[in-house]
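One structure below.
The values are calculated or read from the model by the stated rules, or taken from the named source; none is laboratory data. Note that the coordinates shown come from a computational prediction; the quantities given were computed from them, not determined experimentally. Here the Cβ positions follow ideal geometry from the backbone for every residue, glycine too, while neighbour counts run over all protein chains shown.
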Ligand SMILES: [Zn+2]
């Protein structure tokens, strides 16, 4: 029996059709437009990674040599907005192409409802083997985000003493092990969708040697980068001295450098297995991190650019090297873009757009309206909302009705609110926001009361 026949025999009818269609496309090796079609997809989410701390996004420190190399051989989206400033809702958007409120995933106790379509379900039904390794309790199977993945591994991020440790080596090891699985057949005869979630850049900021010495300058203060200490400082609204702040940033940068080395090992592993040339690689993040640019640290409670400005790098067969796009993009665009690039366009309802016109001679809407929502304020995740149209960004506090309006073109650091001065723009953006807030989830929430484990784990990771 041929390998293809054996795959078809153990597949569902929908999947078997997908395998057949995929095999025919891959025999030609090209899509409808004559461009090479990536055989496999590697989607990587690096938790808590703000774009502006990567050299390929203009950072002055060399934190990211392997990501920079990936960026040089692919497409970099320079202006990407996270759909929320914390882990669970943003990953729901990444894996569904829906805003958190439309996916019913705004609060810690939410679980993805079964009728919500996911990218993994879509690709499984169209012939892909789908696998995932995640490194946060909130993305474990309790979230429902495993929907559509044939295997979905959760690598625990906590030690028994509550410390959060860097587990990137375990994520990379597991990923390479999955690629070596004999069930996948010879010579990559199955198409693989592999989703990896790395948690190392998230606090605790605990970089190891040799990366620590490369980024962390001498420091004699008391800050150790642990999550309980950071949340304590945040609760106290304590303004940090410049030396303390610099130390926290050094630790954060060292964690990026350490994580980047693991990505280098992962990419080398793809190369060694002969998969690199056939794989679409997409790297992004779920949100950034604050270092008191606007008075706060950590993330989850607001929409400043340091919190919602994330990277998005796409590289692989058929993509141009070194192209940069400043078109506004969002996490909701990843699923439709991936699906389109592997010639399996999303049929299900989604909020995002296919970004591939950025390099296919098309036009992407510059005045596109984007939202960010779902704060980590458990008692009121709808307290603030964000809307953007082109460079204009409005944040509305839904409880006290306060508004901030910024022109990111003229004021990228968001120092001066124009809400009163530009009242017409403010009104227009408010109207767009109200319409978005009125939208209902496309399926009802599976909201559950947070259990004691949830509450305890939230506390440990700084929420
Ligand atoms: Zn996160």
- Query: How many residues are closer than 20 Å to residue 337 by Cβ, in a loop (DSSP other than H, G, I, E, B) and modelled with pLDDT of 95 or more when one looks only at segment 118-137?
  - Reply: 1
- Message: Restricting to segment 251-279, give me the number of residues that are more than 16 Å from the ligand (Cβ to nearest atom), more than 16 Å from the chain's Cα centre (by Cα) and touching a residue at least 24 places away in the same chain (Cβ under 8 Å).
- Response: 19
- Residues (more than 18 Å from residue 295 (Cβ to Cβ) and in contact with a strand residue (DSSP E or B) (Cβ under 9 Å, 6 or more places away or on another chain)) located in segment 210-258: 226, 227, 256
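Under 19 Å from the mean Cα position of the chain (by Cα) and closer than 20 Å to residue 62 by Cα: is that true of residue 284 in this structure?
The answer is yes for residue 284.
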- Task: Quick one: count up the residues across segment 253-279 that are farther than 23 Å from residue 55 by Cα and surrounded by fewer than 16 Cβ atoms within 10 Å (Cβ to Cβ).
- Result: 5
- Across segment 203-216, what is the number of residues that are more than 14 Å from residue 168 (Cα to Cα) and part of a loop (DSSP other than H, G, I, E, B)? 3
- Item | Boolean, residue 140 is closer than 28 Å to residue 214 by Cβ and within 15 Å of the ligand (Cβ to nearest atom) | no
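Is it the case that segment 307-314 has a residue that's more than 22 Å from residue 391 (Cα to Cα), surrounded by fewer than 22 Cβ atoms within 10 Å (Cβ to Cβ), away from the ligand (no atom under 16 Å from the Cβ) and touching a residue at least 12 places away in the same chain (Cβ under 8 Å)? Lay out the reasoning, then the answer.
So the first thing to find is which residues in segment 307-314 are more than 22 Å from residue 391 (Cα to Cα), and the list is 314.
Checking which are surrounded by fewer than 22 Cβ atoms within 10 Å (Cβ to Cβ) leaves us with none.
No, there is no match, as no residue in segment 307-314 is more than 22 Å from residue 391 (Cα to Cα), surrounded by fewer than 22 Cβ atoms within 10 Å (Cβ to Cβ), away from the ligand (no atom under 16 Å from the Cβ) and touching a residue at least 12 places away in the same chain (Cβ under 8 Å).
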- Within segment 368-397, track down each residue that is assigned to a loop (DSSP other than H, G, I, E, B) and in contact with a strand residue (DSSP E or B) (Cβ under 6 Å, 6 or more places away or on another chain). 373, 375, 391
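Residue-wise test of (1) surrounded by fewer than 19 Cβ atoms within 10 Å (Cβ to Cβ); (2) within 16 Å of the ligand (Cβ to nearest atom); (3) in a loop (DSSP other than H, G, I, E, B); (4) touching a residue at least 12 places away in the same chain (Cβ under 8 Å).
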| residue | (1), (2), (3), (4) |
| --- | --- |
| 153 | no, no, no, yes |
| 169 | yes, no, no, yes |
| 201 | no, yes, yes, yes |
| 220 | yes, no, yes, no |
- Note on the structure: The correct count of residues that are under 18 Å from the mean Cα position of the chain (by Cα) and either within 16 Å of the ligand (Cβ to nearest atom) or in a strand (DSSP E or B) (or both) in segment 32-86 is 24
- Could you tell me whether any residue of segment 422-432 is surrounded by 12 or more Cβ atoms within 10 Å (Cβ to Cβ), assigned to a loop (DSSP other than H, G, I, E, B) and at pLDDT 95 or above? yes
- Contacts under 8 angstrom Cβ, first residue in segment 138-149 being assigned to a helix (DSSP H, G or I), partner at pLDDT 95 or above and surrounded by fewer than 23 Cβ atoms within 10 Å (Cβ to Cβ), 6 or more apart: 139/154; 141/152; 141/154
- Within segment 224-237, is there a residue that is touching a residue at least 40 places away in the same chain (Cβ under 8 Å), over 18 Å from residue 269 (Cβ atoms), more than 16 Å from the ligand (Cβ to nearest atom) and crowded, with 20+ Cβ neighbours inside 10 Å? no
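For every residue, the table says whether it meets (1) touching a strand residue (DSSP E or B) at 6+ places or on another chain (Cβ under 6 Å); (2) within 23 Å of residue 304 (Cα to Cα); (3) modelled with pLDDT of 95 or more.
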site	(1), (2), (3)
76	yes, yes, yes
85	no, yes, yes
92	no, yes, yes
96	no, no, yes
101	no, yes, no
105	no, yes, no
- Item | Odd one out for residue 58, checked against (1) crowded, with 24+ Cβ neighbours inside 10 Å; (2) out of contact with any strand residue (DSSP E or B) (no Cβ under 7 Å at 6 or more places or on another chain); (3) farther than 25 Å from residue 143 by Cα | (1)
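When you scan segment 156-164, do you find a residue that is modelled with pLDDT of 95 or more, within 15 Å of the ligand (Cβ to nearest atom) and in a loop (DSSP other than H, G, I, E, B), even just one?
Residues of segment 156-164 that are modelled with pLDDT of 95 or more, as a first pass: none.
No.
Can you confirm whether residue 288 is within 16 Å of the ligand (Cβ to nearest atom), touching a residue at least 12 places away in the same chain (Cβ under 8 Å) and within 25 Å of residue 41 (Cα to Cα)?
Values: within 16 Å of the ligand (Cβ to nearest atom): yes; touching a residue at least 12 places away in the same chain (Cβ under 8 Å): yes; within 25 Å of residue 41 (Cα to Cα): yes.
Here the answer is yes, as residue 288 does meet what is asked.
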